[in-house]
Each structure stands twice: as structure tokens, then as C-alpha cells.
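As C-alpha cells, the structure follows; a few thoughts come after it.
The values are calculated or read from the model by the stated rules, or taken from the named source; none is laboratory data. Source: prediction; values computed, not measured. All Cβ positions, glycine included, derive from the backbone under ideal geometry; neighbour counts span all protein chains shown. The accessibility values were calculated without ligands, DNA or RNA, using every heavy atom of the protein model including side chains. Shrake-Rupley method; radii C 1.70, N 1.55, O 1.52, S 1.80 Å.
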Amino acid sequence: DYVVVKMIPDNRLPPRHLHSVHTGKTFAVIKWESPYDSPDQDMLYAVAVKDLVRKTDRIYKVKTRNSTVEYTNKKLEPGGKYHVIVQLGNMSKECSVKISTVPLSAPDALKIITENDHILLFWKSLALKESNFNESRGYEIHMFDSLLNITAYLGNTTENFFKVSNLKIGHNYSFTVQARCLYGGQMCGEPATLLYDELGTGEDSSASKTGRSTDVAAIVVPVLFLLLVTLGIGFVVLYMRHRRLQNSFTAFANSHYSSRLGSAIFSSGDDLGDEDDEAPMITGFSDDVPMVIA
């Protein structure tokens, strides 16, 4: 034996299993189930979207007979926070979920250019990859000093560069650049971070640059001076040798000068033995010749 029992639908029950399926920069997909299984008629849902940052509300109506309902909330803002409430149109019990949209991306190609007494931060425009970003919104820059363990807000700009001055030597800094935060700093873009630790040790950045220039000059100037002195000594030595050779040749030529002929006479190697041929040859002594000692 068996009996079939049909339950009376209770339209005062809340939707079930409300949750977020997917969130983007400007939309969020939510999903829920009907208050009871297999509805036999269309059900009207009221979807209220409360902007927790702007403090505004919007209500949408969804009519369906499906047991599982999927709905996309559009026209949201990047980095926003929302409270979504779903209930039947007869204002029955409600269910809710909090969602946060994806913030704007971080600026690309953040880099530092060092000047004499300051640095310049450069980055690519967010408008190149974010269709939801307007340059008029601008960027804000923060700096973290690791030595003092403090974070400072440096300011904002609508340009793609920012000048930073008065940095202290011996301090390591981290700079962050992001899309400017809206509504009390609650809707911000993702930050791009860059570490700057090239200042060394000293009192300030200008002193560091001057010190490094002085050190380079202290090395280069003596080296150049030594090179100049060495070249000068080399030229003097070559000049003295040239003068000495010239004087020797002049003296040699004068010693062989013939005033009768009016020119210098130099004998060749063949004439060296002429005088030796005319001189008598010295022979050894004979035993018969007595040696006279004076």
C-alpha cells in the first residue's frame, strides 16, 4: 500500500544556495535555486544590488520557472563592493551574498630614470589595455621607506610620469603606481611596484651623485696626468738621442774634412791594409844574435 502526498508550495521561503559564479571588472554572475523543487509556474524574483561604496541601490526583476537560476549583474565598476539580495517578488524571506569586482590592472613598464637631485617614474598608459579607464581619472603614487617602515602618499597625476625629490641616501624605497582611488580610497586599481635602492650611504641623493662624480674625477685626473708626463718624458728622451747622434756625426765629419778638397774624406775598408804592407815585417829573434840589455 502507498499514498501520494503533494506538498503545498510555500512562497514565503527564501531562494536557496545563492552564490557568485564569476566576477569581472564590470559584471558578476550569481546563481541560486528556487525555494522548492520543480516549480509548476513562473516565479518572479527581485534582485537588489546595493553599492557599498557609492551607497546606491538598484533593483532588477527576474521571471522564470527553472529550479536553478543564473543571473548576470551588469554595469558594475572595477574594484567595487556590492551586496546582492535575492527574494521572491512577494517580499518573502531573502538570501544575500557580497561580491567584489576585479580592479583595474596595474600600469605596465614602470621604470625609474635618475637625475642629479631627483628621480622620474615612468609607466605606460592604462588606457592602452583597459577600455574602462579614462586618463582624466589619473594615477596615484605611494612610496614605502623600508628603513623607517612607513608608507607615504606622494600625490596623483594625469600624466604618465611623476617626479620624486628629497630622497635620503641609505634608505631603500618601494614605489607603487595605480589607477587613482575613488570614493574615499575604496575603488583602486592594482598597484605596479618597483624597488629603488641605488642611493648608497650618505646624507641625501644630491650628495651621493656629487660624491660619485668626485670619486670618478679623483681617479681619472691622476691617470691622465701620468699619461701626459710619460708622453712628455718620452719626447724629451727621443729629442736628446736625436741631438746626440747629430752632434756625433757632425764631429766625425769635421775630423775627416779636407780644406784642400773642400769636402770630408772617408776611407773604405779596402784601404785599411795599405800602410801595413809597406812596413817591414817583424820576425823572431835568432839564437846567434846576442841580446843587449841597456
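Full extension of the chain between Thr230 and Ser38 yields a length gain of 58.8 nm, computed as 0.36 nm times the residue separation minus the alpha carbon distance. Dividing the Cα radius of gyration of region 108-197 by its Kirkwood radius returns 0.97 for Rg/Rh.
Counting protein heavy atoms only, region 33-146 has 48 percent of its accessible area on carbon and sulfur, 1.4 angstrom probe. Any idea which of Asn134, Ile150, Thr101 is furthest toward the positive side of the dipole for region 93-164, if Lys and Arg beta-carbons carry +1 and Asp and Glu beta-carbons -1? Going by the charge dipole, the pick is Thr101.
Placing a label point 7 Å from the Cα of Cys181 along the Cα-to-Cβ direction, the residues of region 154-170 whose backbone N falls under 15 Å of that point are 154-157.
On a per residue basis, the convex hull of the C-alpha atoms belonging to region 16-100 measures out at 80 Å³. Annotation: amide H of Tyr60 within the under-5 Å range of Val47, Ala48, Val49, sequence separation 5 or more or interchain, hydrogens built in the peptide plane. Among 53-66, 111-124, 226-239, the peptide with the highest mean count of other Cβ atoms within 10 Å heads the list, and the full ranking is 111-124, 53-66, 226-239. Computed extension gain for Asp197 through Val221, at 0.36 nm per residue and net of the alpha carbon distance, reaches 5.7 nm.
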